[in-house]
1. Could you count how many residues in segment 20-39 are part of a helix (DSSP H, G or I), polar (S, T, N, Q) and under 22 Å from P70 (Cα atoms)?
2. Could we say that Y102 is of a type in the set (S, T, Y) and either modelled with pLDDT of 95 or more or surrounded by 21 or more Cβ atoms within 10 Å (Cβ to Cβ) (or both) here?
3. Quick check: anything in segment 147-167 on the phi > 0 side of the Ramachandran plot and either of a type outside the set (A, V, I, L, M, F, W, C) or modelled with pLDDT under 95 (or both)?
4. What number of residues within segment 40-78 satisfy the criterion of being more than 23 Å from P115 (Cβ to Cβ), surrounded by 17 or more Cβ atoms within 10 Å (Cβ to Cβ) and not polar (S, T, N, Q)?
5. Mind checking which residues of segment 150-175 are closer than 14 Å to K130 by Cβ and either under 12 Å from the mean Cα position of the chain (by Cα) or not in a loop (DSSP other than H, G, I, E, B) (or both)?
6. State the number of residues belonging to segment 143-189 that are without any contact (Cβ under 8 Å) to a residue 60 or more places away in the chain, β-branched (V, I, T) and surrounded by 14 or more Cβ atoms within 10 Å (Cβ to Cβ).
7. Can you find a residue in segment 1-16 that is buried (at least 16 other Cβ atoms within 10 Å of the Cβ), in contact with a Leu (Cβ under 6 Å, 6 or more places away or on another chain), at pLDDT 95 or above and not charged (D, E, K, R)?
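The values are calculated or read from the model by the stated rules, or taken from the named source; none is laboratory data. As the structure is a computational prediction, the values presented were derived from the model and not from experiment. Virtual Cβ from ideal backbone geometry, glycine too; neighbours counted across all protein chains shown.
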Amino acid sequence: MVKKQLRELYRRKRELLSHSDKLKLDDLLLIQFQTLSFDNVKNLLSFWPLDLLKEVNTHILLDYLFFRIPDLQVCFPVIDLETGNFRAVAVNGNASFQKNLYGIMEPLNGEELDPEELDLVFVPLLCFDKGGNRVGYGKGFYDKFLVNCRPDLIKTGFSYFPAEAKIDDINQFDVPLNLCITPNMIYEF
């Protein structure tokens, strides 16, 4: 299938998840996530999950990482709507956030981190395939950002659903994942 069809399909699949199903799936994702080693991670770019889109609860993943890596530096994207790019802005425990025009929570202040300093990125997605390719929301923000990061950056996606066999319309600008964690398994690419 092509990205447009997959976006529609997986948006519907998420819409059909009950609140209790989503909570259970988030817990199972966390259990899978806890099996990984993040000993060399110092800087992480995460994203604030959109409840309306029933995105994976990244907050519980961050709580776990803070427990394992107390000095972890977490960043969130701040989008430049004119250029279609974003910056990784480091936050602390007192950070304030507000919604941008897309409804995405962004930090109001904080220091920008160079993409080369990141060790791990949580990449939002609607679905992915067995080659590590993903279908995002169609704006290309993450693909534009990830090309500026180190080659050894760990690009990690999370999905409530298993991998598709193949996304048919991958292009040269798409940046594949290294890992995708689902409730039942971890895919490595």
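1. Step one: filter segment 20-39 for residues part of a helix (DSSP H, G or I), giving 20-33.
Still in the running and polar (S, T, N, Q): 20, 32.
Narrowing the set further to residues that are under 22 Å from P70 (Cα atoms) leaves 32.
The number of residues fulfilling the criteria is 1.
2. Working: of a type in the set (S, T, Y): yes; either modelled with pLDDT of 95 or more or surrounded by 21 or more Cβ atoms within 10 Å (Cβ to Cβ) (or both): no.
Answer is no for this residue.
3. So the first thing to find is which residues in segment 147-167 are on the phi > 0 side of the Ramachandran plot, and the list is none.
So far as segment 147-167 goes, no, none of its residues is on the phi > 0 side of the Ramachandran plot and either of a type outside the set (A, V, I, L, M, F, W, C) or modelled with pLDDT under 95 (or both).
4. Residues that pass the stated criteria total 1.
5. Here is the first cut: in segment 150-175, the ones closer than 14 Å to K130 by Cβ are 157, 159, 161-168, 170.
Scanning segment 150-175 gives G157, S159, E164.
6. 3
7. yes
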